[in-house]
DNA sequence: CCGGTGACGCGCG
DNA sequence: GCGCGCGCCACCG
């Protein structure tokens, strides 16, 4: 690792409430790494088994409200089940309505 | 050093 | 709404 970027990303993901989802780009911005959505995916991919339990990685989806496909197929279904278990609904196109389930970061310095 | 590769996002047509 | 291209950037041969 270069620095504590992964740590920062994981700590942001830990703040996503149960039953809500955040996008990769959103996590990146909150973590102070604007325009580095890809790194968020990388950080989650590199999530060690040990810490995985304390990081709700399933709550991170892409800006289209969909679960991003990854190298190992099948983990998508796992992610979806975990989210549905906490109340997140998917439409017929396997999409989550971000207006309803998107994480609303409570901040005072956030523009618009 | 270089080039290929992503759990991505956005602007365009 | 959809596909495509390009920007971004850490990693890994």
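None of the figures in this text is laboratory data; all of them are computed from the coordinates on show. Remember, it's a predicted structure, so these values are computed and weren't measured experimentally. Every residue, glycine among them, receives a Cβ derived from its backbone with ideal geometry; neighbour counts consider all protein chains shown.
For this structure, a couple of remarks:
- For the stretch A:1-65: rounded, prolate or oblate by the Cα gyration tensor [a/c cutoff 1.5]: oblate
- Here A:94, A:99 are placed in order of increasing Cβ neighbour count within 10 Å, fewest first, which gives A:99, A:94.
- Rounded, prolate or oblate (a/c below 1.5 giving rounded, otherwise prolate when a/b exceeds b/c) for chain A by Cα gyration tensor: oblate
- By average C-beta atoms within 10 angstrom, highest first, the peptides A:10-23, A:68-81, A:44-57: A:10-23, A:44-57, A:68-81
- Relative contact order %, chain A, counting alpha carbon pairs below 8 Å whose residues are six or more apart: 29
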